[in-house]
Amino acid sequence: MDIREYSQQIFKLEQGAYEQFKALALQAFYYQRERCKTYREYLELIGKEQLQPTELEQIPFLPIELFKSRDVVTELGERGSAKPQIFTSSATTGMIPSRHIVQDITLYTESFKRGWSRIYGAPYSYNLLALLPSYLEREGSSLVYMAEHLIADVKGCGGEGGFYLYNHKELLDKLLWLEGVCDGSSSRKTLLLGVSFALLNFAEFVKEQIPQSEQRQKLFGKAVIIETGGMKGRGRELTREELHSAISEAFTGAAIHSEYGMAELLSQAYSTNGRSFEPSPWMRILLRDLQDPFRILPCAESGSVGGINIIDLANIGSCCFIETQDRGRITDTTQFTVDGRIKNAELRGCNMLLECK
């Protein structure tokens, strides 16, 4: 398989182009079966090393836990010859973080920029502020890497952008200025990207500083808040409905969006309606039976809750077929919900490779 040609083809995919997606996914499977040691060993352990799939549902998915104990790397030849970028997950206290070795960082850059622009347009149409404490305070965050590049693009087009930790007053002042209620104005839409626990803390600060909900609606009615999920051990995990309700109460009238991504993936999905996520066209969701992880739920059962399996074609340098620890539903041919974590997710899954040294 020609990796350069493959990389060009995945980003030409249009949403809903199932046959083209399937053809590229099958190419990736055969390529990674031979060139990804961790994936090949996993296939051997489950007796699928000679599998000849012809449909997406037949492809085995690698348990995401193996990014904690193995280097999940596919040989890429010249395309992977540069020094790799290593992204790590934001594991809570006492948990082992995942490591995603990205051999060709341009694949990640192109993936997140194309995926983001499908939802929010070109950089000249918005300002971008990022509230990412805990991510900024450690090395190896793929979310920070993404935000850095998007903010740089925004600034390159004359917009406003920047990172914030716990300096809530500075962030509030910047939001107010960008919304044109202080000593400046902006015709751009203002986007605030933030991790859940930080947005909740900032929301409480905003309500203290601006007690009247009517005034907050006037101030933030044109803003877009994009939550990335996760309390990271800073409080109890909230449902998405609870989280959006708390954020909406503070930023009255603002649009509340969600981003679904993780260190083990090079692509993201976005929700603009508070319910379902739309993945990038080179990314597809399948659901597995919660009682039988090797059984993919057929389309007729798409309203059922299942474990979320992800095909991310941009992951050609690691593994494109990931079994996550999240559960959800498919709402139509492409969109899906994320309904929370699978119970005892950290304890389940296939860690058989730990015994194969």
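The values are calculated or read from the model by the stated rules, or taken from the named source; none is laboratory data. No experiment lies behind these values; they were computed from the predicted model shown. No Cβ is skipped: glycine too gets one built from the backbone with ideal geometry, and neighbour counts run over all protein chains shown. The accessibility values were calculated without ligands, DNA or RNA, using every heavy atom of the protein model including side chains. Shrake-Rupley method; radii C 1.70, N 1.55, O 1.52, S 1.80 Å.
Say we join alpha carbon atoms closer than 10 Å with springs in a Gaussian network model of the chain; which of G115, G77, G158 then has the biggest fluctuation?
Evaluated over the chain, the most mobile residue of the options is G77.
Counting only Cα, what are the radius of gyration and maximum Cα-Cα distance Dmax of the range 233-342, in Å?
14.7, 44
Near the amide H of S280, under 5 Å away, which other amide H atoms are found, from residues 5 or more places off or on another chain, if H is placed in the peptide plane?
When sequence neighbours closer than 5 places are left aside, the close amide H contacts are Q268.
With contacts defined as alpha carbon pairs under 8 Å and 6 or more residues apart, what's the relative contact order of the chain in percent?
About 19 percent, as a whole number.
State, in angstrom, two size descriptors of the range 1-83 derived from its alpha carbons: Rg to one decimal place and Dmax to the nearest whole number.
Expressed in Å, the Cα Rg and Dmax of the range 1-83 come to 13.7, 35.
Treating only the Cβ atoms of Lys and Arg (+1) and Asp and Glu (-1) as charged, compute the dipole magnitude of the chain about its Cα centre; round to the nearest 20 debye.
Dipole magnitude for the chain comes out near 220 debye.
Helix 105-120 versus the longest principal axis of the chain: what angle, 0 to 90°, nearest 10, using Cα atoms?
That helix lies at roughly 50 degrees to the long axis.
Across the range 108-150, what fraction of all alpha-carbon pairs, as a whole percent, falls in each successive 10 Å bin from zero upward?
It works out to 26, 53, 21, 0, in whole percents.
In whole percent, and with a 1.4 Å probe on the protein chains, what portion of the accessible area of the range 187-307 is carbon and sulfur?
46
Just add up the charged neighbours of L193: K/R +1, D/E -1, any other residue whose Cβ is under 11 Å from the Cβ of L193.
-2
Could you work out how far helix 18-35 tilts from the main Cα principal axis of the chain, as a 0 to 90 degree angle to the nearest 10?
For helix 18-35, the angle is close to 60 degrees.
Between L45 and T331, what is the spin-label point distance in nm, taking each point 7 Å from the Cα along the Cα→C-beta axis?
Computed distance between label sites L45 and T331 equals 3.5 nm.
How big is the range 56-122 by Rg and Dmax over its Cα atoms, in Å?
Cα-based Rg and Dmax for the range 56-122 come out at 14.9, 40 Å.
To the nearest µm²/s, what D does Stokes-Einstein give for the range 85-130 at 20 °C and 1.002 mPa s, using the Kirkwood radius over alpha carbon pairs as Rh?
Result for D is 164 µm²/s.
So, with a 1.4 angstrom probe, what is the percent of accessible area on the range 51-148 that is carbon and sulfur?
In the range 51-148, the share of accessible area belonging to carbon and sulfur is 51 percent.
Per residue, how much accessible area does the chain show when a 1.4 Å probe rolls over the protein heavy atoms, in square angstrom?
The answer is 44 Å² per residue.
Report Rg/Rh for the range 103-236, rounded to two decimals, where Rg is the Cα radius of gyration and Rh the Kirkwood radius.
Here Rg/Rh amounts to 0.97.
Compute the Rg to Rh ratio over the chain from the alpha carbon atoms, using the Kirkwood formula for Rh, and round to two decimal places.
My calculation of the ratio gives 0.97.
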